[in-house]
Structures are given as C-alpha cells and as structure tokens.
1. Looking at region 92-118, I want the residues that are farther than 26 Å from SER57 by Cβ and assigned to a loop (DSSP other than H, G, I, E, B) and have a partner that is open to solvent by less than 30 Å² (accessible area, probe 1.4 Å) and away from ligand 1 (no atom under 15 Å from the Cβ) with Cβ atoms under 8 Å, at least 6 apart or on another chain. Which pairs are those?
2. Evaluate the following for TYR23: is it among the hydroxyl-bearing types (Ser, Thr, Tyr), closer than 23 Å to LEU4 by Cα and open to solvent by less than 30 Å² (accessible area, probe 1.4 Å)?
3. State which residue pairs qualify: first residue at pLDDT 95 or above and β-branched (Val, Ile, Thr) and inside region 50-67, second residue assigned to a helix (DSSP H, G or I) and surrounded by 14 or more Cβ atoms within 10 Å (Cβ to Cβ) in any location, beta carbons under 9 Å apart, and separation of 6 or more residues or different chains.
4. Quick one: would you say ILE52 is over 13 Å from the mean Cα position of the chain (by Cα), among the aliphatic types (A, V, I, L, M) and open to solvent by 50 Å² or more (accessible area, probe 1.4 Å)?
5. Restricting attention to region 1-20, does a residue exist that is within 30 Å of VAL105 (Cα to Cα), surrounded by fewer than 17 Cβ atoms within 10 Å (Cβ to Cβ) and in contact (Cβ under 8 Å) with a residue 60 or more places away in the chain?
6. If you take the residues in region 66-116 that are among the aromatic types (Phe, Trp, Tyr) and open to solvent by 50 Å² or more (accessible area, probe 1.4 Å), which one is nearest to ligand 2 (Cβ to nearest atom)?
7. Here are TYR19, TYR25: which of them is part of a strand (DSSP E or B) and within 16 Å of LYS95 (Cα to Cα)?
8. Scan region 50-67 and tell me whether some residue there is in a strand (DSSP E or B) and either within 14 Å of ligand 1 (Cβ to nearest atom) or out of contact with any strand residue (DSSP E or B) (no Cβ under 6 Å at 6 or more places or on another chain) (or both).
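The values are calculated or read from the model by the stated rules, or taken from the named source; none is laboratory data. What you see is a predicted model, and the numbers here were worked out from it, not measured in a lab. We place every Cβ from the backbone using ideal geometry, glycine too, and count neighbours over all the protein chains shown. The protein model used for the area step is the full one, side chains on, heavy atoms only, and it has no ligands, DNA or RNA in it. Shrake-Rupley method; radii C 1.70, N 1.55, O 1.52, S 1.80 Å.
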Amino acid sequence: MDCLFCKIINGEIPSAKVYEDEYVYAFKDIAPIAPIHYLIIPKTHISGANEITEENSALVAKVFEAAAKIAKAENIENGFRIITNCGDDAGQTVKHLHFHLLAGVKMGWGPESVNAAE
Ligand code: 5GP
Ligand code: ZN
C-alpha cells in the first residue's frame, strides 16, 4: 500500500522515533508547529478518524495510553494537546490515522484557534 506512515512504521522511510510498542508508533513531526510536536499512529492502517469502528477502536485507546507514557517519559509536565485532523475541511494531508501531540507552549483555545484556511 502506498501510504507514507505505513512506510515510516516499517522503516522504509526514516523517522525520529519517540515511542513504540506492539500497537503504536510515535515520532517527531517533520514540520513542528510547537516546541514539542509528535505524531502517534496505530501500526494498523486506518485511513482516518472517520474509519474508526467497533473492531479497531481499541487502537485509539492504545494511542492515548502511549501519549500518557510519552508525556511522563519526556517530562511534559505543563500539559499537552492531542489533535486528529479528519478529512479535507480539517486539513488532513496523510490518510493514515494520526494524532498530533503538541506541548511546550501555552496554547490558545477558542474560535481564533480554528484558523480558516486561505
Ligand atoms: P495532517 O496535516 O494530516 O493532520 O498531519 C500530517 C503531519 O505529518 C504534518 O504535520 C506533517 O508535517 C507530517 N509529515 C508529513 N510527512 C512527514 C514525514 O515524512 N515525516 C514526518 N516525521 N512527518 C511528516
Ligand atoms: Zn498507512
């Protein structure tokens, strides 16, 4: 399958790993938008949050377990935000379910944090 993140999981494309277990892989985003910007992905290919089902939803729990472990291991003590973009309106560019973990900065919240695309 021609999927960028599947290639990152199997090592075909190099990445800066921050965490890995049986179910998930986490690595540094190539174009960080915060001082800490990791991507956490299930090792199973799921194209996006709109494809989460009763059969595969346990993997989402594994992603959040990994996020908590990463936050502890990396001493992210002041909090973090997890975002998943799904579909064109949200700006999903890679069609393999992924969760952005953002930290290291005090983040805004409100209408202004949902910037309209140009
Ligand atoms: P999306 O826009 O789909 O929510 O997020 C995709 C993310 O993947 C972007 O933040 C982008 O910077 C990141 N990304 C795209 N290609 C690569 C890559 O080859 N390596 C890494 N580490 N991140 C990538
Ligand atoms: Zn994939």
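1. GLY104/ILE76
2. Spelling it out, it is not the case that TYR23 is among the hydroxyl-bearing types (Ser, Thr, Tyr), closer than 23 Å to LEU4 by Cα and open to solvent by less than 30 Å² (accessible area, probe 1.4 Å).
3. Going by the 9 Å Cβ cut-off, the qualifying pairs are ILE52/LEU59; ILE52/VAL60; VAL60/ALA49.
4. Yes, satisfied.
5. yes
6. PHE80
7. TYR25
8. no
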